[in-house]
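Below is one structure, written out as structure tokens; comments come after it.
Bear in mind that the values in this text are calculations on the coordinates, not laboratory data. All values reported here derive from a predicted model rather than from experimental measurement. Cβ sites come from the backbone with ideal geometry, for glycine too, and all protein chains shown count toward neighbours.
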């Protein structure tokens, strides 16, 4: 049986095999799929992430959300916790923990029931997520269980049968370039 470290390595390799052109076109298709969802129009606040390396780039969708008058929020790590802060534009970022770009804003996105777009190394169709091992999103969702949690991945990152640990929090849906997979059990 594979260890979590081995699974993470395998999933990272799958994503890194994609060319820059493929990642660009797949990211654009994922943004289009997200934008078509009713909850995108209904959400007042959408929590994004700033892409690192080969992660799906949702920044064009964040720009669109801002243009529509929605609140776009991004995570900032503080010690062992993560919190989302409002961003008035995509120019208001600085490098933070783990070399991830973080918002400079001090205004938290505290609205209940917010939509959170979640990166990861891999997901299964039951909504289980293989993250990077820090547990930041799991601890965040444990504090804010009312969030609508959407895993974001390229189709090559979907795997079968990830085994969650007791502290792992599953997604409500996973979106890839091929579709939206609703996961509520």
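Quick notes on this one:
- Based on Cα contacts under 8 Å between residues 6+ apart, the stretch 1-118 shows a relative contact order of 23 percent.
- Averaging the sequence gap over all C-alpha pairs within less than 8 Å and six or more residues apart, then dividing by the number of residues, gives the stretch 103-185 a relative contact order of 35 percent.
- The order of 104, 118, going from fewest to most other C-beta atoms within 10 Å of their C-beta, is 104, 118.
- Between 0 and 90°, nearest 10: helix 20-35 axis offset from the chain longest Cα axis: 60
- Extension reserve of the residue 111-residue 94 stretch, reckoned as 0.36 nm per residue once the Cα distance is removed: 3.7 nm
- The ranking of 136, 49 from fewest to most other beta carbons within 10 Å of each one's beta carbon is 136, 49.
- Percent of beta bridges antiparallel (DSSP, the stretch 4-182, rounded to nearest 5): 55
- Spatial separation of Cα centroids for the stretch 2-26 and the stretch 116-185, in angstrom: 16
- Seen against the Cα atoms of the chain and their longest principal axis, helix 4-16 is set at about 70 degrees.
- Across 80, 149, 33, mean-square fluctuation computed from a Gaussian network of the chain (C-alpha pairs under 10 Å connected) peaks at 80.
- Listed residues 98, 148, 48, most fluctuating in the chain (Gaussian network, C-alpha, under 10 Å): 98
- For the stretch 41-185: relative contact order, % (alpha-carbon pairs under 8 angstrom, 6 or more apart): 21
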